[in-house]
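All remarks here apply to the structure that follows.
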Amino acid sequence: MPARAGIALILPAPWLLSELKSTDVCHLGQIPALVQAVLFAALLLAAAWIDYQEHIIPDILNLGIALSALLCFRPANLWGLLAAVPFLVAAMGGGMGGGDVKMVSACGLVLGFWDAMFGCLIGLFLMLCSCLVVSGGLRGKEARPMAPFLSAGFLAAYFLP
């Protein structure tokens, strides 16, 4: 992984403590919110690294992300599952793998609909920029890992106010 991509994944980290100062982080207290933040970030970084290396996102990581939503569960976050619908349509057409769909739906449970959509937009924008700048354009049907970019977008959506 190039150093620039690693820096992009770490940038949201300073907002970890500022997120915990919010009064509506979690109804149970700050400890579950901290555990959720660390678990969510660690699982997304692991998914990004494995997808970059092997072009696969293990189901156990997606399950862990989805289960981390239970630490600070809000019923409204169930709407976040709908953020995966455009990715499901693209996967059914053969445009991407199913691991990306599962990752978006798991992150939707943690973030809720609008934050998940924001994370998807940021991630897809970063991927487009990477394709245009690093690869020199959008040529052919090369398999590109999507999890590193989506992870950066979801981390930004989680940690930015």
Worksheet, complete the sentence: Flagged in segment 112-146 as at pLDDT below 90 and outside any helix (DSSP H, G or I), in numbering order, are Val134, Ser135, Gly136, Gly137, Leu138, Arg139, Gly140, Lys141, Glu142, Ala143, Arg144
Practice prompt. With respect to Ala143, determine if the residue is more than 17 Å from the chain's Cα centre (by Cα), closer than 27 Å to Leu34 by Cβ, surrounded by fewer than 16 Cβ atoms within 10 Å (Cβ to Cβ) and aliphatic (A, V, I, L, M).
Written response: no
Worksheet item: What number of residues in segment 15-73 are part of a helix (DSSP H, G or I) and modelled with pLDDT of 85 or more?
Response: 39
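The values are calculated or read from the model by the stated rules, or taken from the named source; none is laboratory data. These numbers come from a predicted model, not from an experiment. All Cβ positions, even for glycine, are placed from backbone atoms using ideal geometry, and neighbour counts span all protein chains on display.
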